[in-house]
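Each reported figure results from applying straightforward, stated rules to the coordinates on display, with no laboratory input. Please read all numbers here as calculations on a predicted model, not as lab measurements. Cβ placement follows ideal geometry from the backbone for every residue including glycine, while neighbour counts extend to all protein chains displayed.
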Amino acid sequence: MAVEQTLILIKPDGTHRKLTGLVIDRLDASGLDMVGAKMVSVSEKLAREHYKALSEKPFFPNLIKYIRGEFHGFKDHRVLAMAYRGENAIAKGRAVAGATNPEHASPGTIRGSFGRITTAGQFENVLHASSDEADAVREISLWFKPDELLKG
Ligand code: UDP
Ligand code: MG
């Protein structure tokens, strides 16, 4: 099994609803090691870069507002960014999160328990977890400087 790193973000609905500790607890239980963590004030530029593969989607403008905390009253645009390392870290992070659409996410996953779809159709699903190795490498280098991560 490969040792990987993955990016986890506690999105603004997660911090607003005080789910930060729960997410960290589930990731601890999955056996992964936290190797970086910081509160980030998410700029429009960072949000657009993070989600650039989705820039043509109809939900993109609301997604940028959502990840910047504009739906949850966070004028400081707060997101908790974390990097985790371990065997199959990417799949483990996704398993803790559950399916993208909260209605399809299994009960017991974070998104299955706490995600919702707003009346405007935005999926508010508590956390981000990198979806594959290329995304994980790209996203970690976008959110963290090398010296902000513990070395393996
Ligand atoms: N999203 C949405 N509607 C959709 C698909 C995605 O609101 O139909 C949002 C949702 O917050 C999701 C994010 O866009 O987490 C990124 O989408 P992606 O397909 O990358 O899902 P993820 O990797 O987060 O599971
Ligand atoms: Mg994704």
Three semi-axes of the equivalent ellipsoid, the stretch 31-98, Cα gyration tensor, whole Å, largest first: 24, 16, 10
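Restricting to Cα pairs below 8 Å that are 6+ residues apart, what does the relative contact order work out to for the stretch 1-115? Please round to a whole percent.
Result for the stretch 1-115 is 39 percent.
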Within the stretch 35-112, trypsin sites (Lys or Arg not before Pro) in DSSP loop having at most 13 other beta-carbon neighbours inside 10 Å: K75
Potential extension, E87-M34 segment - 0.36 nm per residue separation minus Cα distance: 17.8 nm
Normalised convex hull volume, the chain, alpha-carbon set, Å³ per residue: 107 Å³
From the C-alpha gyration tensor of the stretch 70-152, square roots of 5λ in Å: 25, 18, 10
Inter-site label distance for T20 and N101 at 7 Å from Cα along Cβ, in nm: 3.2 nm
R0 of 41 Å, Cβ-Cβ distance D147-T119: FRET efficiency to nearest 0.05: 0.40
Estimated FRET transfer efficiency (S43, M1; beta-carbon r; R0 30 Å; 0.05): 0.25
